[in-house]
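K.L.:
Let me begin by handing over the structure; questions about it come next.
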């Protein structure tokens, strides 16, 4: 019962924009129920009137009243069903919008807990027809059916209380049937939603990594895995539908049993003169009008079990509290120096300190390079600066103020972030750079593109900045993706630029030009960059060396080399790799240019 109250309270929050329409639907439901109960009563007047040789005028008048009631009933029923259907679709839109708005503000902890395919299922299937149908049509059809049941039962009692008692005798068993089947329906529909989530997860992971799958000739293996999860979904769907059909068919047998009882008991009463033929015919209609409402009421009960599963899954998203939120009285960071200070910062993930008691002050340095082996905590350090995570202990300061005291939106608007894997969206080049920040004008986009050395590429695109980019940037090269991502970060005129190995797809010469342009055009910007490229390390004002989550060395390139420590080892190895790569490129280039010797043949 507590779950029911909580579910209906959650659902009630979506009804506010539809109050007047829902009142209108409720009023029309009352009219339809009243007209439905009145029509069989007219049959009594007509049939008994024919038997009693009443005047033709009386019969015609009664038939006319029946015709008018039928037309009114048809008109109200059609318009009410149309309004319910419209409300279903609009509620579905609101469910999806609210859920998406919630998801888009979640921090990384949410996406660590919930798998992407499962999130997609909740956003599509769970807010679809199962929930939207129940939210309006299911509830108001049942409301209309309850009224029909009550009105018809009242007329039946007026006509013949004894026969009414016989007619409704099977209905308590229908209620018992629902109570017994509710737990089974819950289990079946819950298993179905989980199976749908697994299918969506498989589809998302497969097509996101299609290049890897093809590169390793894993198409057959992936097809077999998909067939397995698809088979599980089909079995769950069949199991749920079997249970639903079984319950639905049993409802039908109760109706037939009620009709048999009416025919036997009612026929006997007619023979004994306790019931007129008109009343007997009316009772047969009324039992039909009682049974179909019971189907709707039963449909509501089954529909609620399905909707309750979806509501529970959506409420689970609502009840998830993101860890990264605005403080009660947030500050707005001013346009200042962008000085970052870490004070004994520790961040733990899955029981391991990814960043372990890190402290540093960048002072007046403009370009800070972060180096270390894979898994040393470099990327996490940058994500803490962007406040994608909050440290478990210690404080991160921006111009002397803790990051958590700032308004989150204002803070991130002052930080330009470029991830390891440049992510583009299905939109134009210009919109990928502007990215919804309407205050960025076209001039700023052109300027940022020039800084990112994207201008020549844009000129070669068919429609310049209006050239559409496919899903995940499939129709542009890796270097172009990276330059678009860099232009996106620079267009916002950030105070702090965070680049997580963001120049990996750029050649050394292009990267060198990029740094020169940034330093000359944006001399006051603070740049944090993770890199293994030696030319970038040599250029950095300050180098932070990470190992196993700890900051083991800090300084500038010459000093760190002299120490012969972790930095010297990383730099020397990278220098050797770059030298080998350069020799290989030169060798291949020389081989390509070498003329072929002619034969005398």
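The values are calculated or read from the model by the stated rules, or taken from the named source; none is laboratory data. None of the values given here were measured: they were computed from a predicted structure. Cβ atoms come from the backbone with ideal geometry, glycine included; neighbour counts cover every protein chain shown.
K.L.:
Condition check: out of contact with any strand residue (DSSP E or B) (no Cβ under 7 Å at 6 or more places or on another chain), at pLDDT 75 or above and not in a helix (DSSP H, G or I). Does residue 195 satisfy that?
P.N.:
Values: out of contact with any strand residue (DSSP E or B) (no Cβ under 7 Å at 6 or more places or on another chain): yes; at pLDDT 75 or above: yes; not in a helix (DSSP H, G or I): no.
No, not satisfied.
For (1) surrounded by fewer than 18 Cβ atoms within 10 Å (Cβ to Cβ); (2) closer than 18 Å to residue 106 by Cα; (3) free of Cβ contacts under 8 Å to residues at least 12 places away in the same chain; (4) in contact with a strand residue (DSSP E or B) (Cβ under 9 Å, 6 or more places away or on another chain), each residue gets a yes or a no:
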| site | (1), (2), (3), (4) |
| --- | --- |
| 340 | no, no, no, yes |
| 361 | yes, no, no, yes |
| 383 | no, yes, no, yes |
| 394 | yes, no, no, yes |
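K.L.:
Here is a further query. Applying the selection to region 280-323, what residues are within 30 Å of residue 111 (Cβ to Cβ) and without any contact (Cβ under 8 Å) to a residue 24 or more places away in the chain?
P.N.:
Going through region 280-323, the residues within 30 Å of residue 111 (Cβ to Cβ) turn out to be 305-323.
The answer is 316, 319, 321.
K.L.:
Here's a follow-up. In this structure, does residue 490 turn out to be closer than 30 Å to residue 566 by Cα and either at pLDDT below 80 or within 33 Å of the chain's Cα centre (by Cα) (or both)? Step through it out loud before you land on a result.
P.N.:
Numbers: closer than 30 Å to residue 566 by Cα: no; either at pLDDT below 80 or within 33 Å of the chain's Cα centre (by Cα) (or both): yes.
Considered against the rule, which asks whether it is closer than 30 Å to residue 566 by Cα and either at pLDDT below 80 or within 33 Å of the chain's Cα centre (by Cα) (or both), residue 490 comes out as no.
K.L.:
Could you list, in sequence order, all residues of region 317-337 that are out of contact with any helix residue (DSSP H, G or I) (no Cβ under 7 Å at 6 or more places or on another chain) and at pLDDT below 85?
P.N.:
The answer is 319, 321, 334, 335, 336, 337.
K.L.:
Answer yes or no: is there a residue in region 56-67 that is modelled with pLDDT of 85 or more and either exposed (fewer than 14 other Cβ atoms within 10 Å of the Cβ) or on the phi > 0 side of the Ramachandran plot (or both).
P.N.:
Yes, there is a match, as at least one residue in region 56-67 is modelled with pLDDT of 85 or more and either exposed (fewer than 14 other Cβ atoms within 10 Å of the Cβ) or on the phi > 0 side of the Ramachandran plot (or both).
K.L.:
Do you know which residues across region 422-449 are more than 14 Å from residue 493 (Cα to Cα) and buried (at least 16 other Cβ atoms within 10 Å of the Cβ)?
P.N.:
So in region 422-449, the residues more than 14 Å from residue 493 (Cα to Cα) come out as 422-432, 436.
Correct list: 422, 424, 428, 429, 430, 431, 432.
K.L.:
Now, a different point. Within region 548-563, take every residue that is closer than 20 Å to residue 533 by Cα and touching a residue at least 24 places away in the same chain (Cβ under 8 Å) and give me the one that is farthest from the chain's Cα centre (by Cα). Break it down stepwise before answering.
P.N.:
Applying the first criterion (closer than 20 Å to residue 533 by Cα) to region 548-563 yields 551-563.
Subsequent filtering for residues that are touching a residue at least 24 places away in the same chain (Cβ under 8 Å) retains 551, 554.
On the way: 551: 38, 554: 43 Å.
Taking the candidates together, the pick is 554.
K.L.:
A further question follows. For region 35-55, check the following and say yes or no: at least one residue is in contact with a helix residue (DSSP H, G or I) (Cβ under 7 Å, 6 or more places away or on another chain), modelled with pLDDT of 90 or more, surrounded by 15 or more Cβ atoms within 10 Å (Cβ to Cβ) and part of a helix (DSSP H, G or I).
P.N.:
Taking region 35-55 first, the residues in contact with a helix residue (DSSP H, G or I) (Cβ under 7 Å, 6 or more places away or on another chain) are 35-51.
Narrowing further to those that are modelled with pLDDT of 90 or more: 35.
Now drop any that are not surrounded by 15 or more Cβ atoms within 10 Å (Cβ to Cβ), which leaves 35.
If we keep only those that are part of a helix (DSSP H, G or I) too, we end up with 35.
There is at least one residue in region 35-55 that is in contact with a helix residue (DSSP H, G or I) (Cβ under 7 Å, 6 or more places away or on another chain), modelled with pLDDT of 90 or more, surrounded by 15 or more Cβ atoms within 10 Å (Cβ to Cβ) and part of a helix (DSSP H, G or I).
K.L.:
If I filter region 74-96 for residues that are more than 27 Å from residue 19 (Cβ to Cβ) and in contact with a helix residue (DSSP H, G or I) (Cβ under 9 Å, 6 or more places away or on another chain), do I get at least one hit?
P.N.:
no
K.L.:
Condition (residue is part of a helix (DSSP H, G or I), at negative phi and without any contact (Cβ under 8 Å) to a residue 12 or more places away in the chain) applied to region 514-523: is it met by at least one residue? Show your work before the answer.
P.N.:
Here is the first cut: in region 514-523, the residues part of a helix (DSSP H, G or I) are 514-521.
Within this subset, residues satisfying the condition of being at negative phi are 514-521.
Then drop every residue that is not without any contact (Cβ under 8 Å) to a residue 12 or more places away in the chain, which leaves 516, 520.
There is at least one residue in region 514-523 that is part of a helix (DSSP H, G or I), at negative phi and without any contact (Cβ under 8 Å) to a residue 12 or more places away in the chain.
K.L.:
Moving on. Take residue 253 and tell me if it is modelled with pLDDT under 80, under 47 Å from the mean Cα position of the chain (by Cα), closer than 30 Å to residue 163 by Cβ and loosely packed, with under 14 Cβ neighbours inside 10 Å.
P.N.:
Working: modelled with pLDDT under 80: yes; under 47 Å from the mean Cα position of the chain (by Cα): yes; closer than 30 Å to residue 163 by Cβ: yes; loosely packed, with under 14 Cβ neighbours inside 10 Å: yes.
Yes: the conditions hold for residue 253.
Okay, residues lined up against (1) closer than 23 Å to residue 326 by Cβ; (2) more than 30 Å from the chain's Cα centre (by Cα):
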position: 395; (1), (2): yes, yes
position: 413; (1), (2): yes, no
position: 483; (1), (2): no, no
position: 503; (1), (2): no, yes
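K.L.:
Condition first: modelled with pLDDT of 85 or more and surrounded by fewer than 12 Cβ atoms within 10 Å (Cβ to Cβ). Now tell me which residues in region 574-594 satisfy that. Steps first, answer last, please.
P.N.:
The first filter runs over region 574-594 and keeps only residues modelled with pLDDT of 85 or more, leaving 574-576.
Correct list: 576 only.
K.L.:
If a residue has to be in a loop (DSSP other than H, G, I, E, B) and either modelled with pLDDT under 85 or exposed (fewer than 13 other Cβ atoms within 10 Å of the Cβ) (or both) to count, how many in region 462-472 make the cut? Walk me through how you get there before you give the answer.
P.N.:
Initially, region 462-472 is screened for residues in a loop (DSSP other than H, G, I, E, B), giving 462-463, 467, 470.
From what is left, the residues that are either modelled with pLDDT under 85 or exposed (fewer than 13 other Cβ atoms within 10 Å of the Cβ) (or both) are 462-463, 470.
Selection size over region 462-472: 3.
K.L.:
Now for a separate question. Tally the residues that are over 13 Å from residue 500 (Cα atoms) and either without any contact (Cβ under 8 Å) to a residue 24 or more places away in the chain or surrounded by fewer than 17 Cβ atoms within 10 Å (Cβ to Cβ) (or both), restricting the search to region 366-381. If you could, list the steps in order and put the result at the bottom.
P.N.:
Our first condition is that a residue be over 13 Å from residue 500 (Cα atoms); within region 366-381, this holds for 366-367, 373, 375-376.
Applying the additional criterion that residues be either without any contact (Cβ under 8 Å) to a residue 24 or more places away in the chain or surrounded by fewer than 17 Cβ atoms within 10 Å (Cβ to Cβ) (or both) yields 373, 375.
Matching residues across region 366-381 total 2.
Here is a yes/no grid of residues against (1) modelled with pLDDT of 90 or more; (2) over 27 Å from residue 384 (Cβ atoms); (3) surrounded by fewer than 21 Cβ atoms within 10 Å (Cβ to Cβ):
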position: 460; (1), (2), (3): no, yes, yes
position: 474; (1), (2), (3): no, yes, yes
position: 482; (1), (2), (3): no, no, no
position: 498; (1), (2), (3): yes, no, no
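K.L.:
Same structure again: Select from region 527-563 the residues that are modelled with pLDDT under 90 and under 17 Å from residue 451 (Cβ atoms) and list them in ascending order.
P.N.:
Result: 536, 539.
K.L.:
Please go through (1) crowded, with 18+ Cβ neighbours inside 10 Å; (2) modelled with pLDDT of 85 or more; (3) under 33 Å from the mean Cα position of the chain (by Cα) for residue 97 and return the number of the only condition it doesn't satisfy.
P.N.:
Residue 97 satisfies every listed condition except (1).
K.L.:
So, in region 410-446, exactly how many residues are in a helix (DSSP H, G or I) and touching a residue at least 40 places away in the same chain (Cβ under 8 Å)?
P.N.:
Step one: of region 410-446, the residues in a helix (DSSP H, G or I) are 410-413, 429-434, 442-446.
Imposing the further condition that a residue be touching a residue at least 40 places away in the same chain (Cβ under 8 Å) reduces the set to 410-411, 413, 429, 432-434, 444-445.
Total satisfying the criteria: 9.
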